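Contents: one structure, followed by commentary.
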Amino acid sequence: MIRTKEKIEQGWIRCTAIVEIMGRPADYLSKVLEKLAENLEKSKKIIVIEKTLHEPKAIEKIFSTFMEVELLFENMGVLMEFVFTYMPSHLEIIEPKEIKFKLNDANNFANQLTSKMHQYDALGKRLGLENQLMKAKLKQLGEIPKEIEEAEKESSKNAEKKESEEKEKKD
């Protein structure tokens with residue numbers, strides 16, 4: 001039996017989280033979600049108090065599923081590692097009511113966050129460039145799908161609208 005109150009007094013952090021995944025096929029998603037739950041349960045720095053795995057549901061041409069979990073984290077660093085690794089769609093810290101950071105922990109958190117942001121920025125830029133190159137090649141071959149042309153027009157309209165709204169705010 002987990003002695004939650006004792007763990008909180010020792011500095012552990014109690015949270016609830018929702019971890020979602022999308023893809024296909026449905027049975028693959030179920031296996032991935034089970035594996036995520038197993039990985040959490042194997043951790044010595046995370047205690048799984050309760051978990052509920054939901055069945056995948058079809059959303060258009062893909063499936064979506066999620067897991068609701070109540071967890072104890074050894075410290076804020078472990079909690080942040082969980083957030084960066086599993087990217088929950090929702091996280092709520094339940095206890096303790098007040099959390100104090102040591103300067104070193106705050107610096108580590110800020111550096112982890114900055115590093116992840118740079119990784120995502122680099123990935124976004126790389127994917128954007130690859131997308132431009134593939135579109136240019138498709139245009140060159142005369143095979144650009146209609147959906148891409150329509151999406152580009154819509155994106156261009158939205159950008160122009162946003163630009164004019166920002167200009168109006170300044171005036």
Cα-based reach from K31 at 22 Å (exclusive), listing lysines while leaving out same-chain residues under 8 positions away: K42, K51, K57, K61
Could you give me D for region 4-100, from Stokes-Einstein at 10 °C and 1.306 mPa s, where the hydrodynamic radius is the Kirkwood radius over C-alpha pairs? Units µm² s⁻¹, please. 113 µm²/s
Taking only the C-alpha atoms, wrap a convex hull around region 116-170 and report its volume per residue in Å³ as a whole number. 102 Å³
Taking the dipole about the Cα centre of region 116-170, with the C-beta of Lys and Arg at +1 and of Asp and Glu at -1, give me whichever of G142, L127, S164 is farthest to the positive side. L127
For the chain, what are the DSSP H helices with axial Cα length of 20 Å or more and mean Kyte-Doolittle hydropathy of at least -1.0? 26-42, 103-141
Assuming R0 = 45 Å, can you tell me the calculated FRET efficiency for the pair K162 and E38, based on Cβ-Cβ distance, to the nearest 0.05? 0.50
Hey, can you rank 107-117, 13-23, 33-43, 157-167 by average C-beta count inside 10 Å, highest first? 13-23, 33-43, 107-117, 157-167
Bin width 5 Å, origin at 0, all Cα-Cα pairs of region 24-71: what percent of pairs per bin? 5, 22, 28, 18, 14, 9, 4, 1
Over the Cα atoms of the chain, compute the convex hull volume and normalise it per residue, giving Å³. 196 Å³
The alpha-carbon center of region 1-26 and that of region 53-123 are separated, in whole Å, by 10 Å
May I ask you to compute the full-extension gain from E20 to N111, defined as 0.36 nm times their residue separation minus their alpha-carbon distance, rounded to one decimal in nm? 30.2 nm
Take each of the peptides 89-95, 45-51, average the number of other beta-carbon atoms within 10 Å over its residues, and list them starting from the highest. 45-51, 89-95
Suppose a student asked you for the relative contact order of the chain, using Cα pairs under 8 Å spaced at least 6 residues apart; what percent would you report? 24 percent
Sketch the reach of a paramagnetic label on M87 as a point 7 Å from Cα along Cα-to-Cβ, and name the residues of region 15-51 whose backbone nitrogen lies under 20 Å away. 17-26, 28-40
Quick one: Y28, Y120, fewest Cβ neighbours within 10 Å first, how do they rank? Y120, Y28
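Each reported figure results from applying straightforward, stated rules to the coordinates on display, with no laboratory input. Note that the structure is predicted; figures quoted are calculated from it, not measured. So basically every Cβ, Gly included, is an ideal-geometry build from the backbone, and we count neighbours across all protein chains shown.
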